[in-house]
1. I'd like the Karplus ³J(HN,Hα) series for region 182-195: coefficients 6.51, -1.76, 1.60, θ = phi - 60°, whole numbers in Hz, and an x wherever there's a Gly or Pro.
2. What are the residues whose amide H is under 5 Å from the amide H of G197, where those residues sit 5 or more places off or on another chain and H is modelled from the backbone?
3. Please compute the modelled spin-label separation between F232 and E191, points set 7 Å along Cα→Cβ, answer in nm with one decimal.
4. Which whole-Hz couplings ³J(HN,Hα) result when phi for each residue of region 158-168 is put into the Karplus expression 6.51 cos²θ - 1.76 cosθ + 1.60, θ = phi - 60°, listed in order with x for Gly and Pro?
5. Say R0 is 25 Å: what FRET efficiency, to the nearest 0.05, do R14 and H104 get from their beta-carbon distance?
6. With a 10 Å cut-off between alpha carbons and a GNM built on the chain, which of L144, L16, L242 moves the most?
7. Take each of the peptides 247-253, 62-68, average the number of other beta-carbon atoms within 10 Å over its residues, and list them starting from the highest.
8. Give the long-range amide H neighbours of G210: residues separated by 5 or more places, or on another chain, with amide H under 5 Å away, using H modelled in the peptide plane at 1.01 Å from N.
Amino acid sequence: MTRSRNWRCPTVGRVLNPEQLREFAERGFVVVPQAASRDLVVAASGVIDELIAAKPPGPDVRGPYNYFTESAREPALLALLTESPAFVLAENLTGPGTLEVPWHVQVALNIPSFPHRPGMHHIDGAPGEADGRPGTFTMLAGVLMSDQTDEDAGNLWVWPGTHRRHAEYFREHGPDAFFAAGGYPPIRLPEPEQIRGRAGDLLLAHYLLGHNIGGNISAVTRRAVYFRIKRFGHDPRWREFLRDPWLDYDPVRAALA
């Protein structure tokens, strides 16, 4: 799904404060509590229940299980982004009117018991698009659909600051090194963190932030809904974007000045 540049999200009173902008700049992500209302979460949860009923995971499936659908086909899922403050909060990082409404949405489950610990990170976009371009985008927006207040409960793992290390890698080796790396650029990794929060919390993460699927030793299937969002004009500038992490993020660049 695309939108015209005069599209406007419903008016909201939520903005990222300067500390959150600096946190995003330094760490590559920020978690905003309760960005999606309970009503939106309940409605989207009903759609997830329907997806699961129509195509249930097999009885032996453990760990990640995903559903991908066009966002226009599931308005209750898209509403988590466009009928909440989430989209406006995302544009706090890129500038008003700069982002396209994503055309697809991912429902991500993590089914227990899955005693897994990821050995390394990855970035999305490999092996690439039909036109030969890697599948880069500006930002990952994720809405937690189940409480994940403890670690090892299906949480997403992230490696803070790797958005900047990836950009350094591509400046040194060139953006076409993306293809050889296959989503796993060989950078020095910091200690990972697990994203924790409650249903309705919003994760905004830079495309270049290293991340991976974590384990789930809880008693509950983890649920999250992910949107991969692009700034208008992103695709032709993908080589610049891999080398300059703030190319799509004017307010963040200004906050760092």
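1. Karplus-based 3J(HN,Hα) across region 182-195 equals x, x, 10, x, x, 9, 6, 9, x, 5, x, 10, 9, 6 Hz.
2. HN-HN under 5 Å from G197: Q148, T149.
3. Computed distance between label sites E191 and F232 equals 4.4 nm.
4. 10, 10, x, x, 6, 4, 6, 5, 5, 4, 4
5. 0.50
6. Checking each option, the largest mean-square fluctuation is seen for L16.
7. Ranked from most to least packed, the peptides come out as 247-253, 62-68.
8. Those qualifying (amide H under 5 Å, at least 5 residues apart or on another chain) are W159, T162, H163.
Here, each number is a calculation from the coordinates, and none is a lab measurement. Computed from a prediction, not measured in an experiment: that's the story for all the values here. In this analysis, Cβ positions are derived from the backbone assuming ideal geometry, glycine residues included, and neighbour counts consider all displayed protein chains.
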